[in-house]
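Before any comments, here is the structure.
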Amino acid sequence: MAGRKTVADRLAEALGAVLGTSELPVRLRGWDGSIAGPAGAPVVAVRSR
């Protein structure tokens, strides 16, 4: 499904809103295995909904 955001994309948007930035200091891995954020940054794994 084109245009559909992954779990990690949605988490990154929410975290960016909380931090007040569009550039995350961490890489996020969602419970579905999706990844968002800069390569080489520390990874925060969200394991459940």
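Here are some notes:
- Qualifying residue in the range 41-49 (condition: in a strand (DSSP E or B), open to solvent by less than 90 Å² (accessible area, probe 1.4 Å) and either touching a helix residue (DSSP H, G or I) at 6+ places or on another chain (Cβ under 9 Å) or at pLDDT below 95 (or both)): yes
- Filter result for the condition that a residue is at pLDDT 95 or above and part of a loop (DSSP other than H, G, I, E, B), over GLY33, GLY3: GLY33
- The set of residues in the range 16-30 being hydrophobic (A, V, I, L, M, F, W, C), surrounded by 13 or more Cβ atoms within 10 Å (Cβ to Cβ), at pLDDT 95 or above and outside any strand (DSSP E or B) consists of VAL26 alone.
The values are calculated or read from the model by the stated rules, or taken from the named source; none is laboratory data. From a predicted model like this one, the values you see are computed outputs, not experimental measurements. Glycine gets a Cβ as well: all are built from the backbone with ideal geometry, and neighbour counts include every protein chain shown. Quick note on the areas: whole protein, heavy atoms, side chains included, nothing else; ligands and nucleic acids left out. Shrake-Rupley method; radii C 1.70, N 1.55, O 1.52, S 1.80 Å.
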